[in-house]
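Here is the structure we will look at, set down as structure tokens.
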């Protein structure tokens with residue numbers, strides 16, 4: 001006989017781990033206890049050697065599906081001779097790092113209860129158990145006990161209390177446990193957010209949606225705006241009210257078989273759709289969404305000009321009930337906000353901001369403490385490539401292949417902001433905060449930074465930020481470092497991208513990094529974005545880049561691709577006047593003249609090597625789009641056209657040497673021949689789809705050839721692809737497959753986004769390898 005003190009760390013709290021330990025110990029006839037301590041599960045188990053060995057083995061192999069064991073250690077301690085095995089209350093005396101599970105989609109057991117007329121929770125919108133339900137969005141502070149969540153105000157009835165306290169029950173210590181007798185309730189509000197007296201608020205809400213109205217639905221991490229996806233008029237009305245002219249909406253459908261009516265779904269995409277994370281999955285549209293007589297249609301206005309449709313399945317009991325009553329009809333399910341604002345999550349704020357958009361509000365009285373958008377993802381080259389990492393993912397830590405010697409906060413960038421806390425070998429990435437262009441988003445960013453620090457018990461001694469001085473996140477980092485007497489550490493934007501992909505794959509040493517995005521502040525003070533880097537965490541060098549052009553008007557050019565096209569055409573010595581006379585645009589001649597002078601004189605026209613702007617220029621020259629309504633629109637539409645044709649032709653390009661702003665010589669990919677080819681095809685009225693495909697083929701071929709040259713010269717065989725341009729499925733697939741065919745190892749983002757939503761991980765990685773940090 002012996003007694004062992006066992007410590008289990010990882011995702012082991014709020015996931016049914018203690019009931020699992022209790023059941024396993026009881027089955028093996030062990031005595032002792034299990035307890036949540038801050039950050040770990042602590043077990044004292046007593047019995048014979050064989051039973052204890054089996055216990056340790058089964059702890060590792062049979063742990064609950066939502067758990068993740070990072071470490072399991074034990075030591076022998078004196079025998080106590082307990083009477084049995086117990087579960088004891090959490091220990092609040094210690095202050096150590098904790099792990100909080102993300103919000104989890106309704107499990108199969110709870111779903112069965114939801115639709116079982118004999119069950120006491122039949123059609124109850126807030127049922128959950130230890131394997132599903134809200135976590136991050138309801139927690140105030142650690143540890144994850146009911147008193148520290150927004151469920152504290154709901155006193156359990158006798159039946160729920162019995163389940164909560166019964167160690168063998170599926171709801172043992174399920175903190176959000178509730179039922180119709182003691183839990184949250186639904187309420188319907190009118191268009192002015194005033195209460196309506198409805199016997200069945202959900203049924204009335206569904207009736208409004210079916211009548212062509214727009215609803216505001218309070219979900220897990222915030223409000224959604226909901227309408228019929230097949231109704232052109234209501235979808236366009238939602239766009240008008242929401243001030244979201246063309247950016248795609250996501251849709252929610254009852255199950256994957258419904259999604260398959262409008263989209264092509266492979267096995268990897270099916271697994272994502274049905275996973276407990278329940279993200280929005282970007283699926284390739286079938287040829288026609290609207291004209292099949294046997295199924296309800298999806299309006300072209302849901303995702304105009306896009307080859308992909310963002311689809312998700314119900315992930316809460318309320319969503320399950322909503323889709324059950326709607327039936328086979330797909331619903332637009334988009335964030336509850338006006339364009340570019342943070343999603344509404346507090347009832348009073350939603351009543352103000354969504355008034356004038358929603359015709360009805362379906363709300364409930366369980367407060368949301370942490371605003372959390374839906375995650376968005378897709379499959380590239382057979383691998384998941386996240387687009388937005390949020391609900392269902394955050395705040396799951398990413399295990400680092402190194403240790404942060406000091407607690408760190410990496411504040412991310414300006415767009416698609418995600419911050420990260422680093423402690424030991426763990427990186428805790430926040431949920432998606434969004435673009436920090438609005439004061440409300442900056443306020444949310446600051447609030448949530450404080451909440452994460454308190455939740456995980458991390459007080460940063462180093463604050464890591466981007467080089468760009470005008471980012472709101474950079475200003476926050478510098479001001480806070482001065483206030484708190486901590487170290488502020490700057491990391492170049494594209495170095496962060498490189499290090500981010502390396503960190504998530506556990507890569508050390510040097511790699512070739514192809515970093516293509518819209519913009520990033522370069523070491524030479526110019527705007528980078530078409531970079532070939534060689535380096536690792538500690539340092540990098542700029543090995544090659546796309547030939548820079550003038551960006552007339554700076555940020556204004558990102559919204560008006562014709563400006564970028566004009567700059568490229570001028571550089572390539574094309575017939576600019578002829579092109580301007582032919583494009584279908586309302587650009588005034590006087591404006592064109594001013595922009596041309598800006599390019600010629602370099603006035604308010606910084607140099608940029610941006611690959612994102614190259615996409616814009618090609619889209620404008622080909623006549624696809626002269627202005628955009630959201631970031632990346634021109635590139636998305638260009639890719640969508642290219643996916644429609646199968647063509648292997650490319651345009652010409654050159655490799656030349658160029659000198660940068662720091663008087664350093666680098667290989668430069670000269671795109672002037674490519675631009676001339678696009679211009680000639682457009683002038684000859686070649687099909688836009690062929691132009692788009694030839695451009696993708698060309699950029700992929702340029703990238704591959706450059707990587708091979710760098711691999712040979714630097715004796716490297718590893719290539720990482722990062723930056724927002726590598727959200728492009730076609731380009732990424734072409735590049736990855738060609739490089740792998742040449743024997744190079746290619747690494748794509750699989751856990752954090754390739755776009756700026758992943759750079760905070762890279763910021764942590766670089767800072768952790770820097771001596772003074």
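Throughout, read-outs are computed from the coordinates displayed, never taken from laboratory work. Fair warning: this is a prediction, and the values are worked out from it, not measured in the lab. Heads up, the Cβs are rebuilt from the backbone with ideal geometry, glycines too, and the neighbour counts pull from every protein chain shown.
Some points to look at:
- Pairs of Cα atoms nearer than 8 Å and 6+ residues apart set the relative contact order; for region 520-647 it is 32 percent.
- Kirkwood-based Rg to Rh ratio, region 2-91, C-alpha trace: 0.92
- Packing-based order for 421-427, 526-532, 681-687, using average beta carbon neighbours within 10 Å, highest first: 526-532, 421-427, 681-687
- Burial ordering of 186, 272, 409, fewest other beta-carbon atoms within 10 Å first: 186, 272, 409
- For region 186-364, the antiparallel share of DSSP beta bridges with both residues in that region comes to about 75%.
- Label separation (residue 581 vs residue 42): 8.4 nm, computed from points 7 Å beyond Cα along the C-beta direction.
- Beta bridges per DSSP with both ends in the chain, % antiparallel, nearest 5: 70 percent
- Within region 511-758, all pairs of alpha-carbon atoms sorted by distance into 10 Å bins from zero give the percentages 7, 33, 38, 18, 3, 0.
- Gyration tensor (alpha-carbon) shape descriptor, region 205-285, a/c threshold 1.5: prolate
- Dividing the convex hull volume of the alpha-carbon atoms in region 95-251 by its residue count gives 169 Å³ per residue.
- Cα gyration tensor, region 186-364 - rounded (a/c under 1.5), prolate or oblate: prolate
- The mean sequence distance of close C-alpha pairs (under 8 Å, at least 6 residues apart), as a share of the length of region 511-758, puts its relative contact order at 24 percent.
- Taking every C-alpha pair closer than 8 Å and separated by at least 6 residues, the mean separation divided by the residue count of the chain gives a relative contact order of 12 percent.
- Region 485-553 shape via C-alpha gyration tensor axes, a/c threshold 1.5: oblate
- Protection-proxy order for peptides 561-571, 135-145, 324-334, each taking the mean of Cβ atoms within 10 Å per residue, highest first: 561-571, 135-145, 324-334
- A simple packing score, the average count of other Cβ atoms within 10 Å per residue, orders the peptides 480-492, 698-710 as 698-710, 480-492, with the highest score first.
- Note that region 321-437 shows a convex hull volume over its alpha carbon atoms of 173 Å³ per residue.
- Modelled FRET efficiency - R0 30 Å, residue 27 with residue 399, Cβ distances, 0.05 increments: 0.45
- From largest to smallest, the equivalent ellipsoid semi-axes obtained for the chain from the alpha-carbon gyration tensor read 47, 33, 23 Å.
- With all pairs of separate Cα atoms included, region 412-482 yields a Kirkwood hydrodynamic radius of 12.4 Å.
- Rg over Rh for region 148-216 works out to 1.14, both radii taken from alpha-carbon positions and Rh defined as the Kirkwood radius.
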